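Enquirer: Once you've had a glance at the structure underneath, I'll fire off some questions.
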Amino acid sequence: MSRIAECFAALEQSGRRALIPYVVAGDPGQEVTVPVMHKLVAAGANIIELGVPFSDPMAEGPVIQLAHERALANNVSLSTVLSMVREFRDQDQATPVLLMGYANPVARMGYSKFADAAQAVGLDALLTVDMPPEEVAALNIELQRAGLDNIFLVAPTTPLPRIEKITERASGFVYYISLKGVTGAGHLDMIEVANKVGEIRARCSLPVVVGFGIKDADSAAAVARIADGVVVGSALVQLMALAAERGENADGIAGAAAALLADMRAGMDAGQTG
Amino acid sequence: MAEISRELLAGVPDQNGHFGEYGGRYVSETLMSALDDLDRLYTRLSADPEFQRELDADLANYVGRPSPLYEATRWAEQFGGARIFLKREDLNHTGAHKVNNTVGQALLARHMGKTRIIAETGAGQHGVASATVAARLGMECQVYMGEEDVRRQALNVYRMKLLGAEVIPVTSGSRTLKDAMNEAMRDWVTNVDDTYYIIGTVAGPHPYPKLVRDFQSVIGREARQQCLEITGKLPAALVACVGGGSNAIGLFYPFLTDDRVAMYGVEAAGLGLDTGEHAAPLSAGRPGILHGNRTYLMQDENGQILHTHSVSAGLDYPGVGPEHAWLKDIGRVNYVTADDREALDAFVQLNRREGIMPALESSHALAYAARLAPTLGSDDVVIVNLSGRGDKDIHIVAEINGIEF
């Protein structure tokens with residue numbers, strides 16, 4: 001069983017939902033990322049999602065765009081991100097790590113070379129924002145060979161027949177984007193989200209996690225009542241940026257991120273039992 | 001020279017938008033359904049004679065087509081060799097070839113019941129052409145333009161505002177055309193229900209490269225017929241500048257199965273290919289994935305998209321339409337370059353010798369034609385796509401010459 005499958009099975013046992021923080025690798029500094037990952041796990045993260053910086057992050061709102069720009073200014077490449085995963089794995093063999101990014105850096109490295117490197121450092125999955133099921137065949141062969149999960153997005157605009165086309169190719173979990181828009185935008189319509197999550201669940205047995213628009217303990221708890229997991233991105237990235245601007249060191253920045261995550265964890269767990 | 005059969009050409013792009021190994025649809029899932037809708041609608045309308053009549057009427061009565069094919073005798077005589085004809089897209093309404101496409105896509109937007117138009121623009125010509133059709137249809141229009149281009153193309157910015165459009169300066173990334181396209185995509189993801197995105201070039205996710213090509217192909221269809229009427233034969237060569245590549249594909253496409261017609265797509269060499277300060281992905285880049293399609297890109301060894309440079313804002317783009325990538329690989333079109341200086345020289349020369357002010361984009365094509373003509377015979381005909389007029393560039397040329405207004 002893959003680390004991601006084990007993770008969801010264990011959560012199921014304890015009646016909890018997955019909390020999945022997203023940070024951009026190398027933002028605000030290269031030295032910050034691995035300590036932040038460990039602190040996030042200590043604060044209740046179940047899976048870590050690392051953003052791979054890209055020069056043209058088309059699906060991101062302003063907060064995460066700036067994070068990509070900072071990381072690139074710190075010379076963070078896909079190879080750097082993979083070495084961060086290796087460093088994290090030295091101390092943590094249990095927590096799944098997922099990379100979220102854009103197709104071109106992976107294509108430039110080469111799908112086969114990427115899959116080998118990812119397997120070697122202990123990466124668990126890849127989510128390529130701009131690689132829909134129609135284009136994914138060549139990449140999927142390599143990911144499967146290396147035992148990596150391929151995470152796909154489902155959007156509010158995805159028609160029902162397309163959900164099946166996506167879930168046929170997906171593994172690990174399905175990531176439902178709860179909003180039409182870029183990362184960091186707007187407010188959630190929980191009824192609409194619940195309906196769509198239901199539609200996805202009716203079509204596949206994979207866990208369904210929800211991302212976009214989740215920024216605090218309340219929204220995390222609300223989503224945790226209807227989905228198998230919750231992704232938080234922009235809110236965390238923003239807190240870390242502010243901490244860096246205040247001149248905090250890696251510990252301080254990690255602490256700021258961990259505080260929000262602990263809050264969300266508490267909100268979600270209380271929501272499950274209460 | 002590579003030959004293309006009609007059968008091969010008819011199969012390109014395939015139903016998923018692939019031109020050989022290029023093109024496709026690399027976008028976020030949120031947009032996939034909108035692209036499917038657009039593809040279905042376009043497939044239906046492009047086979048509908050009523051739609052074609054509507055389009056032809058707009059091209060004739062609003063755009064002012066056909067555009068002339070003009071022999072630039074006095075300009076050409078200084079080079080010797082071939083006769084050079086200019087396809088006068090600069091005489092179109094709004095002053096460039098861009099309007100051929102926006103008129104067509106505006107009809108699609110209306111058929112889809114959309115109420116709002118967005119567009120990206122570099123030099124501002126596509127923004128102006130989009131604002132123009134939006135004004136005509138009474139639709140709201142917002143144009144994304146890199147902050148750097150807003151500065152370089154102040155005249156077109158004001159023109160768009162006069163047309164009732166809102167110009168949104170883009171401050172992310174390199175603040176040029178590629179970043180404007182990112183921002184337009186972000187807008188579209190957010191407002192996909194009521195918004196139509198008019199992409200201005202033959203790049204982007206399927207079906208855009210195909211439908212923009214089809215709308216721009218009127219250039220080559222006219223030029224082919226005009227050339228036969230005027231000279232009694234087909235041209236020996238076609239020359240067009242290539243940024244995203246819409247004016248070039250528009251000229252080339254109807255000639256692709258004419259095996260003896262050589263084609264030259266001219267990329268911007270900027271300060272020189274060896275300086276890295278250029279915008280020539282076909283000449284100096286390698287294949288990758290950006291803005292919804294797989295194509296040649298200017299990128300570093302980590303797959304990050306590189307900053308580009310050209311004196312011409314409309315060529316200042318790190319990618320190129322996927323059909324050009326395919327035509328390069330199969331060897332049907334030759335992709336060459338002209339640098340800033342050559343383009344500026346051609347700009348001045350065409351003014352002085354023909355009384356025609358070309359856009360700096362089109363000046364790259366002129367610069368290459370000046371090199372090509374002497375290598376051909378005096379019976380040979382070269383057609384250069386004069387894709388736009390140069391009024392918008394006057395202040396850039398003046399600035400380079402140290403003149404302040």
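The values are calculated or read from the model by the stated rules, or taken from the named source; none is laboratory data. Just so it is clear, the model here is predicted, and its values are computed rather than measured. Methodologically, a virtual Cβ is constructed for each residue, glycine included, from the backbone with ideal geometry; neighbour enumeration extends over all protein chains shown. Ligands, DNA and RNA are excluded from the accessible area calculation, which covers all protein heavy atoms including side chains. Shrake-Rupley method; radii C 1.70, N 1.55, O 1.52, S 1.80 Å.
Enquirer: Can you run the Rg to Rh ratio on chain A? Use alpha carbon positions and the Kirkwood inverse-distance Rh.
Expert: Here the Rg-to-Rh quotient is 0.93.
Enquirer: Further, regarding this structure: Treating each Cα of the stretch A:209-273 as an identical point scatterer and ignoring solvent, apply the Debye formula and state log10 I(q)/I(0) at q = 0.15 Å⁻¹.
Expert: Values returned for q = 0.15 Å⁻¹ are -0.46.
Enquirer: Using a/c under 1.5 as the rounded threshold, could you call the stretch B:51-116 rounded, prolate or oblate? The axes a ≥ b ≥ c are square roots of the C-alpha gyration tensor eigenvalues, and prolate needs a/b larger than b/c, oblate otherwise.
Expert: prolate
Enquirer: Over the Cα atoms of the stretch A:181-249, compute the convex hull volume and normalise it per residue, giving Å³.
Expert: 103
Enquirer: Ok, one more. Tell me, how many Å apart are the Cα centres for the stretch B:377-397 and for the stretch A:1-45?
Expert: 58
Enquirer: Given only helices, namely DSSP H runs of n ≥ 4 each adding -39500 (n - 2.57), what is the per-residue ellipticity at 222 nm of chain A, to the nearest 500 deg cm²/dmol?
Expert: Result for chain A, helices only: -16000 deg cm²/dmol.
Enquirer: Assuming R0 = 25 Å, can you tell me the calculated FRET efficiency for the pair A:Glu6 and A:Glu31, based on Cβ-Cβ distance, to the nearest 0.05?
Expert: 0.25
Enquirer: Within the stretch B:93-111, which residues have the backbone N less than 18 Å from the label spot 7 Å out from B:Ala60 along Cα→beta-carbon, could you tell me?
Expert: B:93, B:100, B:103-104
Enquirer: Take the alpha carbon atoms of the stretch A:44-163, find their radius of gyration, then divide it by 2.2 N^0.38 Å using N residues; give the quotient. Intermediate results must be reported in sequence, preceding the final value.
Expert: Working: Rg = 14.5 Å, N = 120, 2.2 N^0.38 = 13.6 Å.
Taking N as the residue count of the stretch A:44-163, the ratio is 1.07.
Enquirer: Another question, then. Calculate the spin-label point distance for A:Lys165 paired with B:Asp37, positioning each point 7 Å from the Cα along the beta-carbon direction, and give it in nanometres.
Expert: For the pair B:Asp37/A:Lys165, the computed spacing is 1.6 nm.
Enquirer: What translational diffusion coefficient, to the nearest whole µm²/s, does the stretch A:159-208 have by Stokes-Einstein, given a Kirkwood radius computed over alpha-carbon pairs, a temperature of 4 °C and 1.567 mPa s viscosity?
Expert: 111
Enquirer: Another question, if that's okay. Once the convex hull of the alpha carbons of the stretch B:268-405 is built, what does its volume come to per residue, in cubic angstrom? Let's see the in-between values first.
Expert: Working: hull volume 18.5 nm³, N = 138.
Hull volume over Cα atoms, normalised by residue count, gives 134 Å³.
Enquirer: What ranking of A:Glu134, B:Glu140 comes out by heavy-atom accessible area, probe 1.4 Å, highest first? If you can, show how the numbers build up before the last one.
Expert: Values: A:Glu134 50, B:Glu140 100 Å².
Sorted descending by solvent-accessible area, the residues read B:Glu140, A:Glu134.
Enquirer: Something else now. Which residues of the stretch B:31-46 bury at least 40 Å² of accessible area once all protein chains are present, versus their chain alone (1.4 Å probe)?
Expert: With the partner chains in place, the stretch B:31-46 has these residues losing at least 40 Å²: B:Met32, B:Ser33.
Enquirer: Between A:Glu87 and B:His93, take the C-beta separation as r, use R0 = 60 Å, and let me know the FRET efficiency to the nearest 0.05.
Expert: Efficiency at R0 = 60 Å is approximately 0.50.
Enquirer: Separate question: Once the piece of chain linking B:Ala398 and B:Arg151 is laid out straight, how much longer is it, given 0.36 nm per residue of separation minus the C-alpha distance between them? Please report the intermediate quantities before stating the final value.
Expert: Values: separation 247, 0.36 × 247 = 88.92 nm, distance 1.46 nm.
Value of the extension gain: 87.5 nm.
Enquirer: Next question, about the same structure. Please average, across the residues of A:49-60, the number of beta carbons from any other chain that are within 10 Å of each residue's own beta carbon, and give a whole number.
Expert: Averaged over the peptide's residues, the number is 6.
Enquirer: Now a separate question. Counting each pair of different Cα atoms once, what's the Kirkwood radius of chain B in Å, rounded to one decimal?
Expert: 20.7
Enquirer: Let me ask something else about it. Once you sort the root eigenvalues of the Cα gyration tensor of the stretch A:102-169 as a ≥ b ≥ c, which label holds: rounded (a/c under 1.5), prolate (a/b larger than b/c) or oblate (the other case)? Please list the in-between numbers first.
Expert: Numbers: a/c = 2.31, a/b = 1.92, b/c = 1.20.
Cα axes put the stretch A:102-169 in the prolate bin.
Enquirer: Counting only DSSP beta bridges with both residues in the protein assembly as shown, tell me the antiparallel percent, nearest 5.
Expert: Just about 20 percent of them are antiparallel.
Enquirer: Is the stretch B:79-180 best put as rounded, prolate or oblate by its Cα gyration tensor, with a ≥ b ≥ c the root eigenvalues, rounded for a/c under 1.5, and otherwise prolate when a/b is larger than b/c, oblate when not?
Expert: Oblate is the answer for the stretch B:79-180, as a/c is 1.5 or above yet b/c matches or exceeds a/b.
Enquirer: Given a 1.4 Å probe and the protein chains all in place, what does the accessible area of A:Glu192 round to, in Å² to the nearest 10?
Expert: 90
Enquirer: Using the alpha carbons of the stretch B:196-265, what is the convex hull volume per residue in cubic angstrom, as a whole number? Working shown, then result.
Expert: On the way: hull volume 5.7 nm³, N = 70.
Taking only Cα atoms, the stretch B:196-265 has a hull volume of 81 Å³ per residue.
Enquirer: Want the number for A:Arg201 to A:Ala266: 0.36 nm per residue separation, take away the alpha-carbon distance, what's left?
Expert: Numbers: separation 65, 0.36 × 65 = 23.40 nm, distance 2.56 nm.
Here the segment from A:Arg201 to A:Ala266 would lengthen by 20.8 nm.
Enquirer: Would you list which aspartates and glutamates come within 13 Å of B:Lys392, measuring only between C-alpha atoms, while excluding same-chain residues fewer than 8 positions from it?
Expert: B:Asp90, B:Asp149, B:Glu361
Enquirer: Restricting to chain B, compute how many DSSP beta bridges are antiparallel as a %, nearest 5.
Expert: Expressed as a percentage, antiparallel bridges in chain B total about 30.
Enquirer: In addition: Mind checking the dipole of the protein assembly as shown: about its Cα centre, +1 per Lys or Arg Cβ, -1 per Asp or Glu Cβ, Debye to the nearest 20?
Expert: Around 860 debye, computed over the protein assembly as shown.
Enquirer: Any residues in the stretch A:152-168 that have 50 Å² or more less accessible area with all protein chains than in their chain alone, probe 1.4 Å, and which are they?
Expert: A:Thr157, A:Arg162
Enquirer: While we're on this one: Using DSSP, restrict attention to beta bridges with both residues in the stretch B:261-405 and report what percent are antiparallel, rounded to the nearest 5.
Expert: Percent antiparallel among DSSP bridges in the stretch B:261-405 is about 55.
Enquirer: What value does the stretch B:1-119 have for Rg/Rh, both radii from Cα atoms and Rh as Kirkwood defines it? Mind dumping the intermediate values first?
Expert: Numbers: Rg = 19.0 Å, Rh = 17.8 Å.
Rounded to two decimals, Rg/Rh equals 1.06.
Enquirer: Of the heavy-atom accessible surface of the protein assembly as shown (probe 1.4 angstrom), what whole percent is carbon and sulfur?
Expert: Looking at the protein assembly as shown in its full context, I get 49 percent from C and S.
Enquirer: Now a separate question. Find the percent of Cα-Cα distances in the stretch A:50-95 that exceed 17 Å, and round it to a whole number. Please report the intermediate quantities before stating the final value.
Expert: Details: 411 of 1035 pairs.
Value for the stretch A:50-95 (Cα pairs over 17 Å): 40 percent.
Enquirer: What translational diffusion coefficient, to the nearest whole µm²/s, does the protein assembly as shown have by Stokes-Einstein, given a Kirkwood radius computed over alpha-carbon pairs, a temperature of 25 °C and 0.890 mPa s viscosity?
Expert: Stokes-Einstein gives a translational diffusion coefficient of 94 µm²/s.
Enquirer: Normalised by the residues of the stretch B:33-93, what does the relative contact order come to in percent, with Cα pairs under 8 Å and at least six apart?
Expert: Computed over the stretch B:33-93, the figure is 26 percent.
Enquirer: Also: Tell me the per residue accessible area of the protein assembly as shown using a 1.4 Å probe; a whole number in Å² is fine.
Expert: Values: 23570 Å² over 679 residues.
Result: 35 Å² per residue.
Enquirer: I'd like the interface area for chains A and B: accessible area of each alone minus the complex, both sides summed, 1.4 Å probe, protein heavy atoms only. What is it in Å² to the nearest 100?
Expert: Values: alone 11240 and 15260 Å², together 23570 Å².
Chains A and B together bury approximately 2900 Å².
Enquirer: Could you tell me the calculated FRET efficiency between B:Arg371 and B:Tyr158, based on Cβ-Cβ distance and R0 = 30 angstrom, to the nearest 0.05?
Expert: 0.25
Enquirer: Let me ask you something else. Just tell me which lysines come within less than 24 Å, Cα to Cα, of A:Lys39; anything on the same chain fewer than 8 places away is out.
Expert: Counting by Cα, and skipping residues close in sequence, A:Lys39 has these lysines nearby: A:Lys215.
Enquirer: Here is a further query. Which entries in the list A:Lys180/B:Lys210; A:Lys180/B:Lys328; B:Lys210/B:Lys233 go over 32 Å, if you measure between the two C-alpha atoms of each? Can you show the working numbers first?
Expert: Values: A:Lys180/B:Lys210 26 Å; A:Lys180/B:Lys328 37 Å; B:Lys210/B:Lys233 28 Å.
Exceeds cut-off: A:Lys180/B:Lys328.
Enquirer: Give me the number: length gained by fully extending B:Arg53 to B:Glu229, i.e. 0.36 nm times residue separation minus the C-alpha to C-alpha distance, one decimal in nm. Before the final figure, lay out the partial values.
Expert: Numbers: separation 176, 0.36 × 176 = 63.36 nm, distance 2.40 nm.
Answer, rounded to one decimal: 61.0 nm.
Enquirer: Checking the cross-link filter: which aspartates and glutamates have an alpha carbon closer than 16 Å to that of B:Lys114, excluding same-chain neighbours under 8 positions apart?
Expert: Candidates past the 8-residue exclusion: B:Asp36, B:Asp37, B:Asp39, B:Glu140, B:Asp187, B:Asp193, B:Asp194.
Enquirer: How many angstrom lie between the Cα centre of the stretch A:74-100 and the Cα centre of the stretch B:317-362?
Expert: 44
Enquirer: Please identify, among B:Gly64, B:Gly20, B:Gly314, the residue showing maximal mean-square fluctuation in a Gaussian network model of chain B using a 10 angstrom Cα cutoff.
Expert: Its mean-square fluctuation being the largest, the pick is B:Gly64.
Enquirer: What is the Cα coordinate range of the stretch B:245-349 on the first, second and third principal axes, sorted by size from largest, in whole angstrom?
Expert: Projected onto its principal axes, the Cα set of the stretch B:245-349 covers 38, 37, 20 Å.
Enquirer: Ratio of alpha-carbon Rg to the 2.2 N^0.38 Å globular estimate for the stretch B:99-142, to two decimals, please. Provide the component values of the computation, followed by the final result.
Expert: On the way: Rg = 9.4 Å, N = 44, 2.2 N^0.38 = 9.3 Å.
Compactness ratio reported: 1.02.
Enquirer: If I model a spin label as a point 7 Å beyond the Cα along the Cα-Cβ vector, how far apart are those points for A:Arg246 and A:Ala259 in nm?
Expert: Using points 7 Å along Cα→Cβ, the separation is 0.5 nm.
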